[in-house]
Amino acid sequence: MFMCLGLVFAAAFAMAFAAMASEPTVYFPRRTWDMKSPADAGVDPSRLQAAIDLLCEPAQNRALGPTQEAADFTGCAIKDGYLIATWGRSDYKYDWKSSSKPMLATLLFFAVQEGKLSSVDDRLADHGWNLSEKDQSMTYAHLANMTSGYSLPDRPGAAYAYNDYGIRLYAVALDRIFGGQGLNPPAARLFGDLQLQDGDVFNNENLHVKTSARDFARIGWLWMNRGLWNGKQVLERRFFDQYLSPHVPPELAISAGKEIDDYLKIGTYGGNNNQHTYGPGLYGFNWWFNAPVPGLGRRNWPVAPPDTFASLGFGGNNMYMFPGRGLLVAARGNWGASNVQPADSRVSQIHRLLLEAVKA
């Protein structure tokens, strides 16, 4: 039986890598993650364990979904490319809910790299989609940035709405670009260098990511290293230099629309078409960033460094990345509310413990 308390510390990797004077050496896993104990990786075990304990406390919060027990929670922590902790069942394949969305952006970048699209600004109408007159200017970038206006009265680019009808269209459009056989065949080919341990990463029924924490962490490690994997530029760095930042203008209006006009009969990726007001200034190509919150005078996650970014999914299916600290945590857990939270919030407490662990 797997327990959240009782952090699994791995044995130190036999071969020591010399640290650079200015930053740690970055390592990339092969077929399995190489392991280090937190202490050998320069991480305080007690603070790391305290963060994991918070993640594993039962949740009874509407924002987190139905009541969840500690047995539901699982995750792993990566430091400088080494697995330093696992808890729960890090090999079990879960649905990562909206944390799947950055994977769609990654496939979008691959589609451009392979010449299947000329750019992220290609119009869907030019690729066989019978869009309404209002939506003729809709691009893949609009879908990736939640500004498509699909199923809403807004024209593409005119307003922001966290829109799971637009995301479903985005996912189905990418499926069509890659041959219409589901997203697993292109993902298996494109992520081959990552040597994923646990097989397919997509659930082809809903086009969500359904994979293990340890494989999702590999994809996150590719993001943190801007497309580089073990000396090979798997995905061109230009995509990360251009798009790994907020792309929804902070001054953009929030859509006032609520009624759903899913005229393509696409369905939803899981939620409604105008779910909350967060996004302008914080969201870009399906990632969330630690940018200044418009009108609030502070950053999205006040405890975390400015370079922090994350994939966020309903039910606490989140992955937080701290590039300047070489730290990544992929966990299905009780993070609390994830956006625009004060310094004493649950997610801020977890961030503080993680960052103090690395600092210590």
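Every number here is computed from the coordinates shown, using simple stated rules; none is lab data. Just so it is clear, the model here is predicted, and its values are computed rather than measured. Using ideal geometry, Cβ is built from the backbone for each residue, glycine included, and neighbour counts are taken over all protein chains shown.
List of remarks:
- Subset of LYS79/LYS359; LYS101/LYS210; LYS97/LYS232; LYS101/LYS134 violating a 21 Å alpha-carbon distance limit: LYS97/LYS232; LYS101/LYS134
- Residues whose amide H falls under 5 Å from that of ASN163, counting only those 5 or more places apart or on a different chain, are absent, with hydrogens built in the peptide plane.
- Contact order, relative form, for the chain: 23 percent (alpha carbon pairs under 8 Å, 6 or more residues apart, mean separation divided by residue count).
- According to the calculation over all Cα-Cα pairs in the range 179-259, the P(r) per 5 Å bin from zero is 3, 12, 18, 17, 17, 14, 10, 7, 2, 0 %.
- Amide H contacts under 5 Å for LEU196, placed H, 5+ residues apart: none
- Of all aspartates and glutamates in the structure, those lying under 17 Å Cα to Cα from LYS116, and not within fewer than 8 positions of it along the same chain, are ASP126, ASP175, GLU236.
- The range 102-180 and the range 278-294 have Cα centres lying 19 Å from one another.
- On the beta carbon distance between ASP344 and ALA188, with R0 = 45 Å, the FRET formula returns roughly 0.55.
- Using the rule -39500 (n - 2.57) for each DSSP H run of four or more residues, divided by the residues of the chain, the 222 nm mean residue ellipticity is -7000 deg cm²/dmol.
- Under 14 Å of direct C-alpha separation, and excluding same-chain neighbours fewer than eight residues apart, LYS36 reaches these aspartates and glutamates: ASP44, ASP80.
- Student exercise, the range 45-359 dipole from Lys, Arg, Asp, Glu Cβ charges, in Debye to nearest 20: 600 debye
- Between HIS276 and GLU356, the FRET efficiency from the beta-carbon distance, with R0 = 30 Å, is close to 0.50.
- Separation of the GLU236 and SER119 label points, Cα + 7 Å toward Cβ, nm: 1.2 nm
- Fraction of C-alpha pairs exceeding 37 angstrom in the chain: 15 percent, rounded to a whole number.
- Close amide H contacts of GLY281 (hydrogens built in the peptide plane, cut-off under 5 Å, sequence separation of 5 or more or a different chain): VAL248.
- The DSSP beta bridges internal to the chain are antiparallel in roughly 95% of cases.
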